[in-house]
Structures are given as C-alpha cells and as structure tokens.
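Note sheet for the following structure.
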Amino acid sequence: MADVLVVGGGVVGCAAAFALAREGLSVSLLERDAPAAHASGVAAGMLLPTSEARGRGPLLRFALRSLALFPELCAELRELSGIDPEYEACGALHVATSEVGEAALRRRAADLPECELEWLTQEAARRAEPGLAPALRGALWSPREGHVHGERLTRAYAGAAVQLGARLETGVAVRGLLTRGERVTGALTSAGERPAGLVVVCTGAWAGELAGWLGAACRPPVEPVRGAILSLEGPRPPLASILCGEDVYLVPRRDGSCLVGATQERAGFDARPSAGGVEALLRAGAALLPELAACAFLGARAGLRPGSPDGLPLIGAVPGARGLLLAAGHFRNGVLLSPETARLIADLATGKEPGEEARAFAPERFGAGAPSARA
Ligand SMILES: Cc1cc2nc3c(=O)[nH]c(=O)nc-3n(C[C@H](O)[C@H](O)[C@H](O)COP(=O)(O)OP(=O)(O)OC[C@H]3O[C@@H](n4cnc5c(N)ncnc54)[C@H](O)[C@@H]3O)c2cc1C
C-alpha cells in the first residue's frame, strides 16, 4: 500500500508526486492517459506572475515564490530525469498599443516595485524588439519573468518522481474512492483497487468528478476553460523575450518555433481548437508583430484550463473527507504555480503547518460547493 496516491498526471499531479517522493514517502501516481496529455502539454509554459497574478495578494506572493524556485528546480529535474524542461530566464516585454493598455501597464509598474519593472518609451521598446507594430505606445520590461516547456517540465517531474521511487501507472482511470466512514482509504480504478494512506486529487478540469466518487450531491466548482494556441515557424532573428500584447502573447521556443496564444472559450469538455479561435489569434499576433504573417503555420492545439469561480486554485483538505487532498483550479497558471503547489501538498501530507496564505486556497472556502464524504 502506498503512503500517497496521486491522481492525475498533469503538471500539478506530477509536481506533487515529485515533492512527496522527495519527502521520502512511498508514492503512486495514476494517470488515465499519459503524463502531460492534456492542458499541461499544451501550455505555453510562461512564468508571468506580474500579469497573471497581479492584484490578488496571496496569489501574487505564491506565484513570485514559485517563480524564484525554477532555476534550481529545473536543474534538479534535468539531473534526475534526463529531461530538460527548457527553462529560459529571457524576461517579458508587455506591450501597450492603446491608451488604456498603457495606463494599466504604468499602474502595474507602480504597484509592483519588488518586480523591478521598467517602463520603456516607444523608441526604447522598438530598440528591444524592432519588429513591433506601428500602434506601439511603449512597453513594460519585466526582466525576471521567463518560460519553460510545459510538456517537458511535466514529464521531467514524473521522471524525477520515478527516480526517487514513485510508481507511475498510465492508462489507469480512477472511478471512485475507497472509504471507511469519513476516511478515504484509496481509490477504485479501471485496474482494480489501489489502497493508500492519503489520496491527492490533481485531475485538472475534471476535478468536479470528485463529487461522484464521494457520492455527494455537490462538487468542487472547477470548470473547463478552453485555450487554443498556435505554433509558427518563428521570425528571424528569433524573438529575444516573451512578447505580451493586450490580447495575445508570443513565446519563442528553443527549436526556433514561436507560440501564439491563447484563446479563452467556454466549450465544455471539447478540447479541439475552433476555426474562429485560430483566426483571431493569427490576426492579433500579426497586429503585434507584422512579420508573423509571413511565418509558416505549423499547427494549432487546445487544452482545457481548470477554472475556478474566484480565479484562485483549490489546494488543501476536502471538507468532510479525511485522508483526501485536492490540488486543482490553477486556471492560466498551473505551470507557474506547480512548484509552490507541490510544496504545499507535501507540507500538508507530512503534517507541517502550512503558511498563512494557504487559507486563501483552501477548498472549504466554497462551503457547500465542496463535496463531503458519504456518511
Ligand atoms: C493554451 C494554454 C496556454 C497556457 N499557458 C500557460 C502558461 O503560459 N503558464 C502557465 O502557468 N499555465 C498555462 N496554462 C494553464 C496550465 O496549462 C494549467 O493551469 C495546468 O496545465 C493545469 O494542470 P493540471 O495538472 O491541473 O491539469 P491537466 O494538465 O489537465 O492534468 C490533469 C490530468 O488528470 C488526468 N485525469 C483526469 N481525470 C482522471 C481520472 N479519473 N483518473 C486518472 N487521471 C485522470 C487527465 O488525464 C490529465 O492528464 C495554459 C493552458 C492552456 C490551455
């Protein structure tokens, strides 16, 4: 019997399995398809706390701490797993093309002095990225942000966890939980029972299924939000940093390609990119960097972001069910938040007192929205 059973092999589950194995616990990781088969394998991999987590106190602090962990973490994962997560501390240029956009970026610089953000005039921004659109008004330079390869990071977490003794089972779906009274004692899977001392559910956009597993009427309020992203043969010379426009971003990849992302669509569990979404991204990308229109189109993909009602992840104990933790609802930031999420799960699993801000992420904040174990 494993000390901990982690359900879901996206970036959150694989990171949790790694952190738990690092604590010396025996870990079993179950994935219905393959690691990184869903949102985590589609993600642009940007590490952008200043644009994604601004204005939300606990989330911003959590995200900044996570960002700071990436250099050492990626070196360790590469060493253990043999997979390079392709961490690039390239910085990000947040570009303003409208008066409203400029005002928002200037406010952000004032609000986040600890992030060393620097306002660049139109001329300075064009020196940094000469191909920028004629509509350019200026840009905010964020030197500490960067990106990883989401799919490689996820597989590196899983590989490192296995190297530390975790057992990875792919093609195995959890269909229910084993319970004794209010205590969860393992999972019922497509391959039989898997008893465990603790179950950690990291099933991304599918986290709402937990209600059915517990036989409860209510569910974690996690909903799928489709994101489509394009891959183009990158411009020459390649972009020096991430470019964030007001409604599109461009991410240079090590292989010379360039990602253009991303849509935000409510389409249930349909994870196919729509024609309208692809068209909107191409138009917005070329408006930000006109030379993009001449680049070869390599493909479009989409994934389901796990959205939550308040934009914060749900990390922690599930009310009414002992021996059960949830880590889901990371929406646009699962890759960025994976190191700190994994640390928090490992702290909770080993009985360490979680930090003050962990309360902001507790699933119990949704009260009746969270499931309770069958009596
Ligand atoms: C286009 C796009 C761009 C993005 N860009 C970024 C970015 O730049 N930076 C960033 O930080 N984030 C980004 N994100 C968000 C990020 O991808 C998600 O927040 C993150 O991948 C969520 O990880 P997860 O592990 O919770 O979910 P997933 O990656 O969806 O993993 C959940 C896993 O659980 C498995 N599962 C579900 N049910 C079961 C079951 N019953 N039994 C067994 N396994 C099960 C699934 O098969 C799946 O593999 C982006 C997302 C999209 C779609």
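Here, each number is a calculation from the coordinates, and none is a lab measurement. For clarity, every value in this text was computed on a predicted model and none was experimentally measured. Note that we place each Cβ from the backbone using ideal geometry, even for glycine, and neighbour counts take in every protein chain shown.
Which angle between 0 and 90 degrees, to the nearest 10, do you get for helix 99-111 versus the longest principal axis of the chain when only C-alpha atoms count?
Orientation of helix 99-111: about 60 degrees from the principal axis.
Express the relative contact order of the chain as a whole percentage, based on alpha carbon pairs under 8 Å and six or more residues apart in sequence.
24 percent
Going 7 Å from the Cα of Glu356 in the Cα-to-Cβ direction, what parts of segment 58-77 have a backbone nitrogen less than 14 Å from that spot?
58-59, 61-62
Over the Cα atoms of the chain, what is the Rg over Rh ratio if Rh follows Kirkwood?
0.98
Please list, by residue number, everything in segment 296-328 whose backbone N is under 20 Å from a paramagnetic label point 7 Å out along Cα→Cβ of Ala280.
Hits in segment 296-328 for Ala280 at 20 Å: 299-309, 311.
Let me have the 222 nm mean residue ellipticity of the chain computed from DSSP H runs of 4+ only, each contributing -39500 (n - 2.57), with the sum over all residues rounded to the nearest 500.
-9500 deg cm²/dmol
Can you compute the modelled spin-label distance between Asp247 and Arg266, with each label point 7 Å from Cα toward Cβ, in nm?
The two pseudo-label positions are separated by 1.9 nm.
Just the number, please: percent antiparallel of the DSSP beta bridges in the chain, rounded to the nearest 5.
70 percent
Which of the three applies to segment 87-128, rounded, prolate or oblate, going by the alpha-carbon gyration tensor with a ≥ b ≥ c and a/c under 1.5 meaning rounded?
oblate
Output wanted: per-residue J couplings in Hz (rounded whole) for segment 137-145, from phi through Karplus 6.51 cos²θ - 1.76 cosθ + 1.60, θ = phi - 60°, x for Gly and Pro.
Taking θ as phi minus 60°, the curve returns 10, x, 7, 9, 8, 10, x, 8, 7 Hz for segment 137-145.
Dipole size in debye (nearest 20) for the chain around its Cα centre, Lys and Arg Cβ +1, Asp and Glu Cβ -1?
680 debye
Using only Cα atoms and rounding to the nearest 10 degrees, what angle (0 to 90) does helix 57-81 make with the longest principal axis of the chain?
Tilt of helix 57-81: around 80 degrees.
Cut-off 10 angstrom, C-alpha nodes, Gaussian network model of the chain. Which of Leu77, Leu344, Leu298 fluctuates the most?
Judging by the Gaussian network model, the answer is Leu298.
Return the loop-located trypsin sites (Lys or Arg not before Pro) in segment 183-259 (DSSP other than H, G, I, E, B) with at most 16 other Cβ atoms within 10 Å of their own Cβ; answer none if there are none.
Arg254
Label segment 1-90 by shape, choosing from rounded, prolate and oblate, from the square roots a ≥ b ≥ c of the eigenvalues of the Cα gyration tensor; if a/c is under 1.5 it is rounded, and otherwise prolate applies when a/b is larger than b/c, oblate when it is not.
prolate
Residue by residue through segment 18-30, which ³J(HN,Hα) values in whole Hz follow from phi under the Karplus form 6.51 cos²θ - 1.76 cosθ + 1.60 (θ = phi - 60°), with glycine and proline marked x?
With the stated coefficients, segment 18-30 comes to 4, 5, 5, 5, 5, 7, x, 7, 7, 10, 10, 10, 10 Hz.
Please report Ile345, Ile229 as a ranked list, fewest other C-beta atoms within 10 angstrom at the top and most at the bottom.
Taking fewest neighbouring Cβ atoms as first place, the list is Ile229, Ile345.
Using alpha carbons only, how many degrees (0 to 90, rounded to 10) separate the axis of helix 150-163 from the longest principal axis of the chain?
Approximately 40 degrees, to the nearest ten.
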